[in-house]
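K.L.:
Below: one structure in structure tokens.
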Amino acid sequence: MSSEKEKSEPVIEVEQSQPSAMNVVDNPLQRVSKDRVLSDVEEFCKTHNLAEHTALFRRAALVARDSTNFANVSELEEEELAALHYERDHKWAGPFQMWYSIILCAVGAATQGWDQTGSNGANLSFPEEFGIAGTGRDEWIVGVVNSIIFLSAGLIGAFIVDPLNHYLGRRGEIFLTALILFATPIGSGFTHSWQALFAVRFILGIGIGAKNATVPIFSSELAPARIRGALVMFWQLWVTFGIFAGFAANVIVKDVPRIAWRLQLGSAFIPAFFLALGIYFCPESPRWLMKHGKHDKAFDSYLRIRSHPIIAARDLYISYVMYLEEIANAKGASYFARLRDCFTVPRIRRANYGASTVMLAQQMCGINIISFYSSSIFRDVGYTADQALYASLGYGALQFVFTIPTVFLIDTKGRRTLTLMTFPLMFLFLLAAGLSLLKTTGTQGERLGPLVLFVYLFTIMYSLGEGPVAFQYSAEVFPTVQREQGMAWAVCINNTFAGVLGLTFPRMTTVFTPTGAFGFYAALNLIAWVMIFCFVRETKELTLEEIDQVFSVPTSTYIKYESTVWLPWFIKRYIFFRKDVPRPAPLIEKVQFVDHDHTATHSVAHTEDKEEK
């Protein structure tokens with residue numbers, strides 16, 4: 001039996017069997033007494049048209065207060081306790097509506113991959129059609145026609161996301177952009193000048209940018225924390241499916257005289273059609289509804305995407321509590337004030353560092369020189385046009401197939417780990433691909449086989465790391481208040497630099513030679529690795545609300561820990577194979593909560609979140 005003093009001053013206990021973390025993930029519901037939590041819940045239900053569900057939300061709030069020890073909540077009904085046990089023990093369990101919505105949004109990602117590879121195949125013939133197949137000026141024109149979809153996506157499409165989401169909702173915005181992505185590929189197939197093709201692809205890019213910034217957010221807000229990485233990662237899986245499908249379409253129509261390139265560009269309307277048709281049947285994002293004061297509708301939405309009402313109520317209430325904290329910390333409510341917060345508020349700025357890093361690294365690694373120009377690269381080094389298309393098809397197939405294992409790795413190994421492991425190998429394989437081009441003697445197989453092999457190995461490493469992580473990570477790290485602005489900025493960086501890559505690569509291969517161009521991007525892989533080491537923090541298996549605590553640790557503290565504590569341990573343990581070296585205490589860790597009575601305090605000190613100079 002605890003003493004009276006212990007009853008009046010309970011603590012959050014930390015497991016002492018291993019070193020304590022320097023910082024712990026904080027749950028605001030643990031800062032106040034149980035009675036205060038229940039009182040706040042009653043007020044929440046009363047003021048948000050949820051009074052009939054008050055008893056349910058009281059129990060749900062107690063679960064949210066310590067979700068890992070829900071079995072200790074004596075107020076739970078037997079059916080609710082069974083549902084929580086089932087959720088814990090069946091990681092991939094979820095209602096049909098959750099799976100349907102996330103998979104449909106992932107299908108929307110295929111439009112981007114298909115558009116990329118449609119132009120990849122079209123590059124073999126549309127320059128001749130429009131009289132721009134030469135060098136110098138013609139190379140720049142081909143580059144700008146290919147890259148304009150990414151430039152307009154990054155510089156325009158990404159930044160109209162906030163007003164579109166505000167007035168149309170997540171579903172409405174996705175429907176509108178799906179219509180654009182349905183019409184513009186068809187329009188591109190009917191153009192008769194490079195200027196007209198440029199104009200149509202300019203509009204296509206605006207749709208891509210707006211969609212790219214919204215769909216991952218929508219998916220992340222629907223997915224439960226335990227598998228959010230895997231479900232949101234369906235985005236990249238379906239981007240790679242779109243890449244593969246686009247290459248397959250290129251091969252299918254390659255023998256159609258004169259209009260092959262028109263069919264290759266136009267076929268990208270197919271996934272957009274299914275996205276526009278299917279989004280009607282999805283529920284709206286509950287966090288978007290909550291953000292707009294529609295808490296009762298948010299609860300209805302959660303009921304459709306969670307397997308039991310106690311789980312739906314738990315997720316809504318903890319999201320509401322964390323949202324209130326975000327509102328209190330936000331510096332302003334206007335569009336530009338929230339965008340400014342992404343660069344000035346320390347916690348949000350650190351999230352921006354991470355999101356911007358993974359988005360920029362996706363272009364720095366050089367994968368899109370293959371996605372945009374693989375057919376041209378293979379043709380220019382000696383393959384026939386048909387052989388180049390088939391080699392590109394193999395590239396697309398590998399990217400799709402090797403993205404699938406990451407669905408299961410991203411929430412176990414983590415986002416940071418996957419990228420840190422694969423970037424050094426990407427550097428080696430891309431450098432080897434460039435050096436293989438120096439061989440000019442021997443049979444065609446001896447000369448070109450190594451190039452294809454190393455490009456394929458590079459693609460496999462990309463598919464196991466950076467490819468799936470970039471959009472998934474960026475969609476989850478920003479607070480609800482700034483999520484549209486933060487994701488818009490991340491998409492702007494990604495697509496703008498994709499546009500720069502597409503614009504410059506045709507000319508770069510002439511000036512640098514193909515070997516020099518490959519070597520340039522190989523070196524950027526090493527720089528990207530350093531950036532990821534410094535700025536990308538692990539977010540696996542944390543709720544969107546708990547991620548807030550991860551980015552409350554100052555950057556200087558984080559880099560010091562990683563470089564002086566974690567890295568030396570890793571080198572000793574995995575480079576020199578010293579099994580006697582103890583694992584260091586983690587920098588950030590979830591804390592074990594034990595509520596002895598009503599009031600909760602922490603026994604682990606938090607690093608103060610100070611403005612970084």
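The values are calculated or read from the model by the stated rules, or taken from the named source; none is laboratory data. Only a predicted model underlies this, so the values are computations on that prediction, with no experimental measurement involved. Using ideal geometry, Cβ is built from the backbone for each residue, glycine included, and neighbour counts are taken over all protein chains shown. Remember, those area values only see protein heavy atoms, side chains included, never the ligands or the DNA or RNA. Shrake-Rupley method; radii C 1.70, N 1.55, O 1.52, S 1.80 Å.
K.L.:
What does the helix-only formula give at 222 nm for the chain: each DSSP H stretch with n ≥ 4 adding -39500 (n - 2.57), the total divided by the residues, and the result rounded to the nearest 500 deg cm²/dmol?
P.N.:
-22500 deg cm²/dmol
K.L.:
Can I ask one more? What is the P(r) of the range 309-410, as percent of Cα-Cα pairs per 5 Å bin from 0?
P.N.:
Values per bin, smallest distances first: 2, 10, 10, 11, 11, 11, 11, 10, 8, 6, 5, 3, 0.
K.L.:
Counting only the heavy atoms of the protein chains, how much of residue 380 is accessible to a 1.4 Å probe, in Å² to the nearest 10?
P.N.:
So the heavy atoms of residue 380 present about 110 Å² to solvent.
K.L.:
Extent of the chain along each principal axis, from alpha carbon coordinates, in Å, largest to smallest?
P.N.:
Each principal axis gives a Cα extent; for the chain these are 86, 56, 44 Å.
K.L.:
May I ask you to order 365-371, 192-198 by the average number of other C-beta atoms within 10 Å around their residues, highest value first?
P.N.:
365-371, 192-198
K.L.:
Which entries in 297/540; 211/540; 91/560; 254/413; 413/439 show an alpha-carbon gap greater than 31 Å?
P.N.:
Going by Cα-Cα distance, 91/560; 254/413; 413/439 fall outside the 31 Å limit.
K.L.:
I've got another one for you. Taking 0.36 nm per residue of separation and subtracting the Cα-Cα distance, what length does fully extending residue 300 through residue 421 add?
P.N.:
Once the chain is fully extended between residue 300 and residue 421, it gains 39.4 nm.
K.L.:
In terms of solvent-accessible area of protein heavy atoms at a 1.4 angstrom probe, what is the ranking of 90, 48, highest value first? Mind dumping the intermediate values first?
P.N.:
Values: 90 80, 48 40 Å².
Listed by decreasing accessible area, they come as 90, 48.
K.L.:
State the Kirkwood hydrodynamic radius of the range 127-203 in Å, one decimal place, computed from all pairs of distinct Cα atoms.
P.N.:
13.9 Å
K.L.:
So for the pair residue 534, residue 280, with labels modelled 7 Å out along Cα→Cβ, what separation do we get in nm?
P.N.:
Going from the residue 534 label point to the residue 280 one covers 5.1 nm.
K.L.:
So, by mean Cβ neighbours within 10 angstrom, what's the order for 436-445, 571-580, 488-497 with the highest one leading?
P.N.:
Highest to lowest by the protection proxy: 488-497, 436-445, 571-580.
K.L.:
Which of the peptides 469-478, 129-138 is most tightly packed, and how do the rest follow, judged by the mean count of other Cβ atoms within 10 Å per residue?
P.N.:
469-478, 129-138
K.L.:
Right, here's the next one. How about the range 231-276: which trypsin sites (Lys or Arg not before Pro) there are in a DSSP loop, with at most 13 other Cβ atoms within 10 Å of their Cβ?
P.N.:
258
K.L.:
How large is the accessible surface per residue of the chain, computed with a 1.4 Å probe and reported in Å² as a whole number?
P.N.:
Ligands and nucleic acids excluded, the result is 39 Å² per residue.
K.L.:
Within the accessible area of the range 291-431, what % is carbon and sulfur when the probe is 1.4 Å and the other protein chains stay in place?
P.N.:
67 percent
K.L.:
Could you list the GluC sites (Glu not before Pro) in the range 74-111 that lie in coil according to DSSP, counting only those with at most 15 other Cβ atoms within 10 Å of their Cβ?
P.N.:
75, 77
K.L.:
Suppose the chain between residue 42 and residue 512 were pulled fully straight at 0.36 nm per residue; how much longer would it get relative to their current alpha carbon spacing?
P.N.:
Working: separation 470, 0.36 × 470 = 169.20 nm, distance 6.78 nm.
Full extension of this stretch gives 162.4 nm more.
K.L.:
Same structure again: I'd like the FRET efficiency for residue 526 and residue 51, computed as 1/(1 + (r/R0)^6) with the beta carbon distance as r and R0 of 45 Å, rounded to 0.05.
P.N.:
Details: r = 59 Å, r/R0 = 1.31.
Efficiency, from the Cβ-Cβ distance: 0.15.
K.L.:
Now, a different point. Under 8 Å for C-alpha pairs, at least 6 residues apart: give me the relative contact order for the chain, rounded to a whole percent.
P.N.:
28 percent
K.L.:
May I pose another question? Pull out the extension gain between residue 75 and residue 196, defined as 0.36 nm times the separation in residues minus the alpha carbon to alpha carbon distance; nm, one decimal.
P.N.:
Working: separation 121, 0.36 × 121 = 43.56 nm, distance 6.64 nm.
Taking residue 75 through residue 196 to full extension adds about 36.9 nm, to one decimal.
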